[in-house]
Every structure is written in C-alpha cells, then in structure tokens.
1. If the viscosity is 1.002 mPa s and the temperature 20 °C, what Stokes-Einstein diffusion coefficient in µm²/s follows for the stretch 1-40 when Rh is the Kirkwood radius over Cα pairs?
2. Return the Rg/Rh ratio of the stretch 209-262 with Cα-based radii and a Kirkwood Rh.
3. For Arg198, Arg17, which order do you get if you count the other beta carbons within 10 Å of each Cβ and list the fewest first?
4. Kindly state, as a whole number, the per residue volume in cubic angstrom of the convex hull around the alpha carbon atoms of the stretch 169-263.
5. Taking the highest mean first, how do the peptides 23-29, 218-224, 80-86 order by number of other beta carbon atoms within 10 angstrom per residue?
6. Sorting check: for 354-363, 253-262, 167-176, which peptide has the highest mean count of neighbouring beta carbons within 10 Å, and how do the rest follow?
7. What do you get for Rg/Rh over the stretch 8-111 if you use C-alpha atoms and the Kirkwood form of Rh?
8. Pull out a ≥ b ≥ c, the square roots of the eigenvalues of the alpha-carbon gyration tensor of the stretch 273-369, then state rounded if a/c is under 1.5, prolate if not and a/b is larger than b/c, and oblate in the remaining case.
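Here, each number is a calculation from the coordinates, and none is a lab measurement. All values reported here derive from a predicted model rather than from experimental measurement. Neighbour counts run over all protein chains shown; Cβ positions are idealised from the backbone, glycine included.
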Amino acid sequence: MAFPQRQAAIVGVYTTRQGRKLSQSSFELEMEAIKGAIADAGLQMSDIDGVIPLNASPHVGRVSAHQFWAEQLGERPLTLLEIGLTSGALAKAAVAIAAGMASVVVLFWGKSGWELGPGGTPVPDRAPRADAWDFQIFGGGYAHMYALWAQRYMYEFGVTSEQLAQVAVTHRHHATLNPDSVMGDRGELTVDDVVGSRMVASPLHLLDCALDTDGGYAIVVASRAVAEGTRKKPVWVLGGAEAAYTDFYMTIDDPWFKEQGQAVRKTGDLAFAMAGVARDDIDTAGLYDCFTVTMLRDLEELGFCKLGEGADYFAEGHTRLGGRMPCNTDGGLLSNSHCGHPSGLHTIEVVRQLRGEAGERQVPDAKIGLSLAQGSSVHGQAGTLIMAVD
C-alpha cells in the first residue's frame, strides 16, 4: 500500500527557550511546549488523542510514559501510543492518522537538569558500575565515537580539519539570523576560530561539537479534516521512514563507510520513494549536525552527493542560505541548540521555512522540505521525513 500522502499535516510547532541550566524541570518544558504547539495550531488540549514522547523521555522507567501523559492531558484515553526519532515517528503518526487510529497527535521533548557526556554521568560507588551493554564499558561516548569516525573519514577521503570547520562557520552564520538561537548573538565564526578552539577528542575541536543545552519542543500533526481548519498553513507529510543499524556507541562494522549506506540511506531512499519527489526537489532541509563530520555524512548518506564528496559539496555552498538547498537555517545543533534529543528542532525549522515564518533567514518560495533525525555511532539509527505546502 502506498504511503498516505497529504492525509496528515503538521499544524502546530513550538520551541521553549533553549539554554544552559534552565530553571524549569523537564516536565515543565514539555508541558509548555505541548500547550504552545496546540495554541499555534488553534486547537484545544482536549483535541489530542495521540502522544509520542521521544524514546528517552524522563518519565519512561518511572511510570509508563503514555499513561502518564493520558493523565496529564485530560484524564482520558489516548489511542495512539508511539515512540521514536522525530522524523520517523511523525511519519508513523501520519500513517496512523490516515488509518483512523487518531486525529491529533503531539510529539514532544524536554530536557533540563542533566548533562550529556562524562561530565554529567554519575559514577556509582560499587560494582557493577555500568550495564553489560553500556558503551562506557568499552570506553565509548558521544565525542569519542564521532572522533573515531571523523579521523577515519579524513584519512580515507583526504578531508582536512579546515574543511570540517566550514560546517561550524556556516551554521553559526545562520544562527546570527535567528534571534532565538543560543550562540547567534556571539557573532560569526572563522575557520581559524574553529581549528584554534581546544581539542575535545582528536580531530574534533570544541567548535566542531554540538552544544549541550536545556530546552523543549513540541510538534502537532493532524488529519486532513482537522488540518484544513487550523490557524496556520498545513505542512503536509509526503513520506517518511525510520531504521536502526548498529548498536549504541559500541560497534564499528567494517568497512566503516559503505557504498550502500546505513540507516540514514535506508530511511532516505524509503522517504523519497514514498513522497514521489527527487533530491533536486528539496528546497530546504534540517540535517542532524551533532558534530561537523556528521553533516557531511548526512549529505552523502541521503544521496545529495556521493560517498567522500560531502566536504566538496558543502564547500560549494549548496547548503548555505542562498544555495540550492539551504540547511540548518536556525543554526543547527552546532549553534542553535542541542537539548538532549534535539531532532525535532530540525523539523520545526523546516516547518517554519515552509510556512514562510523564518524572518531574515527565510528561504524564498520554499515548498518542499526534509528533516533528518539520527544518532548512535553515526547513522546507527535514523528517521527521514519529507514535507510540503500547497
């Protein structure tokens, strides 16, 4: 059966304040975001009949996340109970809505009061100090694993630190046009700024790495019947998919970079086939940029250029405002915000571009957009979503 194109639309989006050490709790940020996205759509909280808390919701493990939110959102049954990465989860919501399982679904996330990486990880005072399948046993971690990938990528394809730095420079430029970004008011970056920043895990410098911030967001997707009566221009879901490949920051398969790609390639190929559009049709995109090398690999894995050509493609300016497919126009994870599970921020920025709400950073006449959620040892898990406006 074909993907149910234009049977569901993103009708509301909202981002809370993003920053370090916010005073609100994770729950408060989630609730603010949900209320804000529902208001953006012109709907009521009582309209929600499906929830997608991202798969690391702080409520999972204490009580069932879905039961918790059924209580918080009005003490009534919810009929769509999902988890997942933002882009793929929204595609699943669109399919469920088209099947009549729900009419209004909200996806949301909030993070406050905890830090990513070794600095924010408490060390138990007795054994076992980590689960048998915890990447810490093997010396892994976010920056450590991506640094290994970056080093190998640079070796195999002759990429330099200066070429990686161009990603951070471009995304900071976009952030300066986004008044809500965390880093935009600090001004532009240069390549020398990036390669001159302290080394975190060779070859990744501090400014090659995403921010670690607090913040929340929510996205509301609704049926065609509901969407046609909402406040803002509906952003229709054309296609999307999700996939998992490697385990969580532990395994590196050989070869490191496969011609056939990994999870991102799989979701991209599926999403484009479902949507019935070509790569050249994408007007704007939000691609996961937790580290500078990740952006280059996104472009390759999604098929916008060939394996090993990401640095050259980026240097040609295609993803910069004014280029053929501006990406991460809010500053991305490198300069806008990385609030723990930040992939929804990419989708929200694409939605705002398609609705013509991006202000100084607006992409002229943007009609079709793509958002990518990914992570875990570079493309170990992924979700791709393709959206359009009439």
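1. Reported coefficient: 175 µm²/s.
2. With Rh from the inverse mean 1/r over Cα pairs, Rg/Rh is 1.16.
3. In increasing order of surrounding Cβ atoms, one gets Arg198, Arg17.
4. Values: hull volume 19.8 nm³, N = 95.
Given the Cα convex hull of the stretch 169-263, per-residue volume reads 208 Å³.
5. 218-224, 80-86, 23-29
6. Going from most to least packed, we get 167-176, 354-363, 253-262.
7. When Rh is taken as the Kirkwood radius, the ratio is 0.94.
8. rounded
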